[in-house]
1. Between the DSSP loop rule and a limit of at most 10 other Cβ atoms within 10 Å, which trypsin sites (Lys or Arg not before Pro) in segment A:193-288 are left?
2. Could you tell me what % of all Cα pairs in segment A:178-287 have separations over 25 Å?
3. Taking the Cα centre of the protein assembly as shown as origin, sum charge times position over the Cβ atoms of Lys and Arg (+1) and Asp and Glu (-1), and report the length of that vector in debye to the nearest 20.
4. Counting pairs of alpha carbon atoms under 8 Å apart in space and at least six apart in sequence, what relative contact order in percent does chain A give?
5. So how many Lys-Lys pairs in the protein assembly as shown land under 25 Å Cα to Cα, not counting same-chain pairs under 8 apart?
6. Taking +1 at the Cβ of each Lys and Arg and -1 at the Cβ of each Asp and Glu, which of B:PHE221, B:VAL92, B:LEU201 sits farthest along the dipole of chain B towards its positive end, judged by Cα position relative to the Cα centre?
7. Compute a Gaussian network model of chain B, connecting alpha carbons closer than 10 Å, and tell me which residue from B:ILE48, B:ILE13, B:ILE260 fluctuates the most.
8. Note down the relative contact order for segment A:1-125 as a percent, whole number, built from C-alpha pairs under 8 angstrom at least six residues apart.
Protein chains: 2
Amino acid sequence: MIERLAVIGVGLIGGSVALALRETGSVKTVVGCGRSKENLVQAKRLGIVDHYTHDVAEAVDGADMVLLAVPLGAMRETLSGMRDHLQSNAVVTDAGSVKGSVIEDLREVFGEVPGWFVPGHPIAGTERSGADAAFASLYQNRRVILTPTSETDPKAISRVELMWRQCGADITRMPVAHHDEILAATSHLPHMLAFSLVDSLARLKENDEIFRYAAGGFRDFTRIASSNPVMWRDICLANQDHLSAMLTRFADELHELAAILEQGDSEGLLEIFERAKRARDRYIDGVE
Amino acid sequence: MIERLAVIGVGLIGGSVALALRETGSVKTVVGCGRSKENLVQAKRLGIVDHYTHDVAEAVDGADMVLLAVPLGAMRETLSGMRDHLQSNAVVTDAGSVKGSVIEDLREVFGEVPGWFVPGHPIAGTERSGADAAFASLYQNRRVILTPTSETDPKAISRVELMWRQCGADITRMPVAHHDEILAATSHLPHMLAFSLVDSLARLKENDEIFRYAAGGFRDFTRIASSNPVMWRDICLANQDHLSAMLTRFADELHELAAILEQGDSEGLLEIFERAKRARDRYIDGVE
């Protein structure tokens, strides 16, 4: 049982953890912390938090579990803010979409990766944000990746794993760099493509007309371009190396595809499309 | 009232037209035509067609309305097949996603764009295909673009417009090239990107693991990569010029984006993401 959970950043991710733990009776008290008073008031009204504060030092005071669910760009400042206020038995974890940058932030603030910090990333979310978007079943049967380092205390890992299991999630462990490479492919690159395509079309002079004739497939394809721009700016910068390599490689492949198309290479096109359909039907629909 | 409708290609598109016209009592008899016996038997079982045949000449015999809902690559052969068998009051329309190539096919087969042919394109569909996928409400409040030429008979246009209105659709007219340019942007390019991304990831050596960590956003983003590969190969080749120009331009933009990312240009990234989110929220969600 978590006695006192501090959720720093009470949005879709942090709010849903609190709701899931409450539903399974796995937490006694939840303290919310964030910048927007309106969002915190709403979080209390929705029963996500019992108390709230704008001060991270106050939020972690007395907490045995701390969840950092802030944008990656706010991670370092948040860590600094809690630095001298954690109680001795506290375990801290985060939900950032890039893990290498969090490790860097930890080294910067604490001079090491503290044993009580368990880097984590729930593979779940929607394009919505804020406390209003939170719901208890968000993590049900979803994967949570933990990327502990050799310095991480095994007992801290166990406590964080238990928390995510109580939220209904399946837990996997992997190395930091491996996580960041996989997520660059399955999440960060698709977001870059969706943002970039919508922006590109919006800048065409007939953009009004173009969007008017967009059908269902386009809506699904570009749904992720409605995600929070600040959060995604932070993610892309935090995973800069893996992501820019992947982006460059994909841009090269599109140039090749354009060449295949210009040559009217019917076999070449069909081969790509068939391989893609097979892969998607097999891997993606299998887990839906 | 349509006396006898010939649907050449009884899949999602053609089958849904038949079902919608039946539901509004706008057609007496529907004849289906296609290559797969299994699909035609299923179409009859589902009440989509009254009769079926594999022979396009037989299918159009006695029909006052003919809908060509075959892949673009089969359009020319289909037109040749019906050439000497249409009755004098017949109107023919199609549902191809590219209109320039259909116009070329018509000139090739008939030496001109016949007055009784009304080129059309319903902006509707799902990633599913076949008679099984058809449903009567597919075109409800969807747009249908007609691209008649100066040679098209106004009476033929009216009859086709009436048919689509009876399916619940809104009708717009626009020039052939303009249609093909707009659709390259909103439909053909996104499909190319989705096919290409999934194929690219499937060819990575850790592809099993990559797809395992794909979350909801990725599933939506890549849904269109489960579309019919042959149909899309045909569409891409038919709209080759517009599409390859757009693909090259977008690949260039991705290279620029990679550069922005490598420079750590936080403002530049945020600007793109914010513009994209604004455009999507405004244009896309407004029509959902």
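1. A:LYS205
2. Of the Cα pairs, 35 percent sit more than 25 Å apart.
3. 1700
4. Over chain A, the number comes to 17 percent.
5. Number of lysine pairs found: 14.
6. Highest projection toward the positive end goes to B:VAL92.
7. Comparing B:ILE48, B:ILE13, B:ILE260 in the GNM, the peak value goes to B:ILE260.
8. Across segment A:1-125, relative contact order equals 24 percent.
No lab work stands behind these numbers, since they all come straight from the coordinates. Note that the coordinates shown come from a computational prediction; the quantities given were computed from them, not determined experimentally. Don't worry about glycine lacking a Cβ; one is built from the backbone with ideal geometry, like all the others, and counts go over all protein chains shown.
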